[in-house]
1. Report Rg(Cα)/(2.2 N^0.38 Å) for the range 57-118, keeping two decimals.
2. Treating each Cα of the range 1-60 as an identical point scatterer and ignoring solvent, apply the Debye formula and state log10 I(q)/I(0) at q = 0.17, 0.25, 0.29 Å⁻¹.
3. If you line up the long axis of helix 72-86 against the longest principal axis of the chain, both from Cα atoms, how many degrees apart are they, to the nearest 10?
4. Could you state the orientation-averaged shadow area of the convex hull built on the Cα atoms of the range 3-115, in nm² to one decimal?
5. How far is helix 53-67 tilted off the main Cα axis of the chain, in degrees rounded to 10, range 0 to 90?
6. Report the full-extension gain for the segment residue 3 to residue 23: residue separation times 0.36 nm, less the Cα-Cα distance, to one decimal in nm.
7. Under a crude label model (7 Å from the Cα following the beta-carbon direction), how far is residue 113 from residue 31 in nanometres?
8. Normalised by the number of residues in the range 3-115, what is the relative contact order in percent for Cα pairs under 8 Å and 6+ residues apart?
């Protein structure tokens, strides 16, 4: 299966479990890998035959901003559901990075895989 990817998507949102976090905007970084057969698009050279990473970015950004989640685990799961259900990917890997959440650590986050690449 082919993979369409979208890495480094920065989304400003309300995220966190602590009261002070609920009052500020933080930036999370999302990396997506999505299994999608690109053969048809390769032959037609038509964007309607592929998974549009622009549309994915817009949809994921809108969802994350509206969610105001406590946990990045929740966001990762919901983003995976969107990719599989709304964009018909067969499989996806979702990495949500809450950079700076832990003192002296560069990157912290969660990585999940859902669906089947078969």
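1. Details: Rg = 12.6 Å, N = 62, 2.2 N^0.38 = 10.6 Å.
With N residues counted in the range 57-118, Rg over 2.2 N^0.38 Å equals 1.19.
2. Normalising to I(0) and taking log10 leaves -0.66, -1.01, -1.15.
3. 20 degrees
4. Numbers: hull surface 27.6 nm².
Computed as one quarter of the Cα hull surface, the answer is 6.9 nm².
5. 30 degrees
6. On the way: separation 20, 0.36 × 20 = 7.20 nm, distance 3.72 nm.
Residue separation times 0.36 nm, minus the Cα-Cα distance, leaves 3.5 nm.
7. Once both label points are built, they end up 1.4 nm from each other.
8. On the way: 204 pairs, mean separation 31.2, N = 113.
Reported as a whole number, the value is 28 percent.
FYI, it's all coordinate maths here, none of it is from the lab. On a predicted model such as this, the values are computed, not experimentally measured, just so you know. With ideal geometry, Cβ positions are generated from the backbone for all residues, glycine too; neighbour counts draw on all protein chains shown.
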